[in-house]
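Trainee: Quick one: the structure is below, questions incoming.
What follows draws every value from the coordinates through simple rules; no lab data is involved. As the structure is a prediction and not an experimental result, all values here were calculated from the model. Counting neighbours? That spans all protein chains shown, and the Cβs are built from the backbone with ideal geometry, glycine included.
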Amino acid sequence: MDADIGIIGVGTMGSMAAWQLAKKGVSVIGFEQFGIGNDRTAAGGESRLFRTAYMEGPEYVPMLQEAKKLWRELETESGNSLLTLNGGLMIGESNSLEIKTVLKSIEDFKLEHEILEGDQAAIRYPQFKIYDDDLVILDKEAGFIRPELSVVSASLLAMKHGAKLMKYTAVDEIIPETDGVRIIAEGKTYKVGKVLITTGAWTGKLLPALKKQLIPKRLLLTWFTPKNLAETKANKLPIFARMRGDFRLTGAPSLDGSMVKASYTKDPLPIEDPSSLYRDVYPEEIEKLRESVKALLPMLYPDPVRASAYMDAYTPDNHALLGELPGKNNTIIASGFSGHGFKLAPIIGRISSELLIEGKTKSNINHLDPGRLLSKHYK
């Protein structure tokens, strides 16, 4: 036996699981086809948003509260600053589903917040165009995360605790057996007790039977020059989700001292093959961005000055697959986070470690059960 646990994909979720497992004394071998902290899937682009008042569903709030504690734990152990809580603005039409869901999250869990309307909102946050039917919600437990540094920090801690992480080592096949799992990587065979699959947008290449449930999609992140840099620094500009009609611009304050991140990620484009990701920008994307920035973010010049393309795996219902793969012995999956998983990464790592070690978790993950989308008899 080469290790108790094998992890396929040492990225966002895989690095956190490796950290959690190794610090508990479990032997871990991880396989990563690229380098640690690479930008070939969901990690990359300088920042990721941390939100507690959650538009994707109030069922996530307890996980997010636990994730915040684990982010602080990771910071303490690594010595790196990873999560900055500078507040988060959710701005949209008061009768929209997203705003109603944010308000339900706040009500259900008594989250610390402020609600602003009309002139009050426009005076406090002149960076945004506020319309008469908009509601502005300030989530006081929101902010931004450093994604690349987070993955590297968790991976280094995992190795410090004894994990073996094999970089630039692609896995060709996993073969579940009654007494463990065989992993075929770069022509070599490894044997582990259990395996965790955290391959994100690449999952369909490893497990072709999941292609319909885990669809790789392209996320375009874009940055703009601010008209007044002082008004876009972290002490003045919270992270934000600016929604109106079909537009949804999500972004972060200026972290490099020259650009503001604002991206349209509501309708990401499906990708046939993640190894052929188009990393440039389509002309129609630029036009949609320009129009939405002009309409919603007067603080910015509307032409993007930087653009980067990334990927994530999306499920039909936009909720991840987290748990045992039906019909596959000793195999856990944590994939398909549909563009909103990075903030949850440490708690997903802990839940994965609990499932692998104990076969159960104390967290409520019923909404992420792989069985809801996967037949027990899929091939």
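Trainee: Which of the residue pairs LYS129/LYS261; LYS68/LYS104; LYS69/LYS194 have a Cα-Cα distance greater than 22 Å in the structure shown?
Mentor: In this structure, LYS69/LYS194 exceed 22 Å between Cα atoms.
Trainee: Go ahead and collect, in residue order, the members of segment 247-272 whose backbone nitrogen is under 17 Å from a label point 7 Å along the Cα-Cβ direction of LEU229.
Mentor: 253-261
Trainee: Could you work out how far helix 12-23 tilts from the main Cα principal axis of the chain, as a 0 to 90 degree angle to the nearest 10?
Mentor: Taking Cα atoms only, the helix is inclined about 50 degrees.
Trainee: Starting from the Cα of GLU177, step 7 Å toward the Cβ, then list every residue of segment 322-356 with an amide N under 18 Å from that point.
Mentor: 328-332
Trainee: At 7 Å along Cα-to-Cβ for each site, give me the label-to-label distance between ASP280 and ILE184 in nm.
Mentor: For the pair ASP280/ILE184, the computed spacing is 3.7 nm.
Trainee: Can you give the relative contact order of the chain as a percent, counting alpha carbon pairs under 8 Å and 6+ residues apart?
Mentor: So the answer I get is 23 percent.
Trainee: At ASP256 and LYS160, where each label point lies 7 Å from the Cα along Cα→Cβ, what is the point-to-point distance in nanometres?
Mentor: Distance between label points: 2.9 nm.
Trainee: Tell me the net charge near ALA158. Cut-off is 10 Å between Cβ atoms, ALA158 excluded, with +1 for each Lys or Arg and -1 for each Asp or Glu.
Mentor: Once all neighbours under 10 Å are counted, the net charge is +3.
Trainee: Would you mind computing, in nm to one decimal, how far apart the modelled labels at ASP119 and TYR168 are, each placed 7 Å from Cα along Cα→Cβ?
Mentor: Modelled inter-label distance: 6.4 nm.
Trainee: Same structure, new question: Any chance you could give the angle, 0 to 90 degrees and rounded to 10, that helix 61-78 forms with the longest Cα principal axis of the chain?
Mentor: 70 degrees
Trainee: Next up: For the chain, how big is the tail of P(r) above 29 Å, as a whole percent of Cα pairs?
Mentor: Looking at the chain, the distances longer than 29 Å represent 40 percent of pairs.
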